[in-house]
Amino acid sequence: MYLTDRSAPAGADTEQGRRRGSASKVAPVVLVLGTVSLVTDISSEMVTAVLPLYFVTTLGFSPLGFGALDGVYNGVSALVQLTGGHLADRVRNHKLIAGLGYGLSALCKPLLLLVSSVGALGTVLALERTGKGLRTAPRDAMISLSTPPERQGRAFGVHRAMDTTGAMLGPLAAFFILRAATDGYDAVFGVSACVAVLGVLVLVLFVPGKRQGAPTDEAAAADGRQPVRIREALALLRLPRLRALAGCAALLGLTTVSDAFVYLLLQRRAGIGEQWFTLLPLGTALVFLLLAVPVGALADRVGRRAVFLTGHAALLTGYALLLWAPATPVLPFVVLALHGTFYAATDGVLPAALADVVPAQLRASGLAIVGTSQALARFCCSLAFGAAWTVWGDGPALAGSAAGLLCCAIVAGMVLRPTGGTR
């Protein structure tokens with residue numbers, strides 16, 4: 001199924017898209033979805049950039065308390081991804097499910113102005129991440145289904161580069177708002193809510209949806225297919241390569257320290273002032289932006305396994321520098337460069353690897369299974385790392401994560417060895 005509204009037949013449209021514009025080599029829907037992600041990430045990263053200091057310094061949370069909330073913020077979308085992916089495949093309207101997710105996240109932003117307790121904040125963050133869980137798999141399915149298999153890495157690289165542009169602008173906006181506004185955190189949350197609404201409007205107005213017409217079941221009967229059932233989605237786990245990707249994503253996620261903890265560790269290690277803290281995500285985002293497209297194209301040429309594992313090697317090097325390197329002025333730049341390289345080599349490469357594994361009619365479900373395994377693992381890592389920091393200190397906690405990451409990367413390298421036509 002081709003996911004754009006055009007008057008020409010789907011097959012002809014696909015052929016035209018493949019012949020057209022060898023210069024861009026990405027479908028128009030990828031660029032529009034990239035714009036949606038850019039705007040939405042400005043909103044999300046404005047909040048993400050200030051949350052660590054807001055929780056730890058303003059609300060007085062312990063590392064364990066912050067780890068629990070950070071785990072909720074980054075991990076609650078895990079189970080919801082399965083729901084979003086299955087619904088998108090079942091109703092054959094990826095835009096609808098993605099739109100519901102973007103809308104829910106936008107509604108939660110102003111609620112941050114009204115809550116301050118751990119329970120209330122956890123509830124709002126869980127709802128916001130529910131929206132992210134709903135939209136992620138349908139969005140990535142639209143990108144994957146509009147792109148030939150040999151260009152998946154480039155397409156996801158272009159999308160992630162646009163998404164990361166928003167991730168750069170978000171912390172920058174938060175930095176200037178905090179410096180200019182009297183009630184800095186409230187101003188950040190308020191502006192973030194307005195920007196999130198703009199992202200939803202771009203999605204509704206400019207992202208092509210499914211063909212207009214009959215209800216879901218009737219539409220499925222009309223094109224000769226039954227609606228996708230849950231057992232069909234679960235049957236994807238019988239695919240050895242998908243099991244390997246999901247298992248390795250989970251294994252590596254268990255030892256991937258969340259961004260917020262990395263920035264807190266870097267601030268303490270390098271003695272960075274609190275007024276500069278919100279700019280740390282900007283360094284990661286800048287490197288991610290510069291490398292996302294070339295690294296994605298490289299993965300298409302040399303193999304996604306090699307690029308994926310190289311990204312984790314960069315992250316492990318960053319951990320080692322945080323543990324043992326002297327606190328020189330260059331340390332923050334090197335660590336942030338390695339952190340951005342990690343995301344450029346993994347964030348788009350993992351879903352691109354699924355293009356050769358999962359059939360088109362179940363693409364969103366397959367993406368959701370792998371994304372869920374990774375998100376659940378990172379949720380557990382946030383909780384464990386926060387607890388280890390509270391009990392033993394930040395150094396031993398990071399050393400344990402680094403040792404675990406090294407072992408998990410070695411296992412993943414063996415499990416993901418190329419077989420047949422896979423890379």
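The values are calculated or read from the model by the stated rules, or taken from the named source; none is laboratory data. Quick caveat, the model's predicted, so the values are computed rather than measured. Glycine also receives a Cβ, built like all others from the backbone with ideal geometry; neighbour counts cover every protein chain displayed.
Before moving on, here are some points about what is shown:
- Single residue of region 337-349 satisfying the filter (crowded, with 24+ Cβ neighbours inside 10 Å and among the aliphatic types (A, V, I, L, M)) that is farthest from Tyr263 (Cα to Cα): Val349
- Scanning region 162-199 for residues that are touching a residue at least 40 places away in the same chain (Cβ under 8 Å) and of a type in the set (S, T, N, Q), we see that the one that is surrounded by the most Cβ atoms within 10 Å (Cβ to Cβ) is Thr164.
- Considering region 178-284, the qualifying helices (runs of 4 or more DSSP H), each wholly inside and each with 3 or more residues that are of a type in the set (D, E, K, R) and at pLDDT 85 or above, run over 259-270.
- Residues within region 255-286 that are among the charged types (D, E, K, R) and within 16 Å of Ala174 (Cβ to Cβ), tallied: 2
- Residue match in region 330-342 (condition: over 18 Å from the mean Cα position of the chain (by Cα), without any contact (Cβ under 8 Å) to a residue 40 or more places away in the chain and part of a helix (DSSP H, G or I)): yes
- Residues of region 363-380 that are aliphatic (A, V, I, L, M) and buried (at least 24 other Cβ atoms within 10 Å of the Cβ): Ala364, Leu367, Ala368, Ile369, Val370, Ala375.
- Residues that are of a type in the set (Gly, Ala, Ser) and modelled with pLDDT of 75 or more were ranked within region 45-94; the one that is farthest from Val370 (Cα to Cα) is Ala49.
- Given (1) without any contact (Cβ under 8 Å) to a residue 60 or more places away in the chain; (2) of a type outside the set (Gly, Ala, Ser); (3) outside any helix (DSSP H, G or I), number of the condition Thr147 does not satisfy: (1)
- Odd one out for Val358 among (1) within 16 Å of Pro240 (Cα to Cα); (2) assigned to a helix (DSSP H, G or I): (2)
- Filtering region 245-295 to residues that are more than 20 Å from the chain's Cα centre (by Cα) and of a type in the set (A, V, I, L, M, F, W, C) leaves Leu264, Leu265, Leu266, Ala270, Ile272, Trp276, Phe277.
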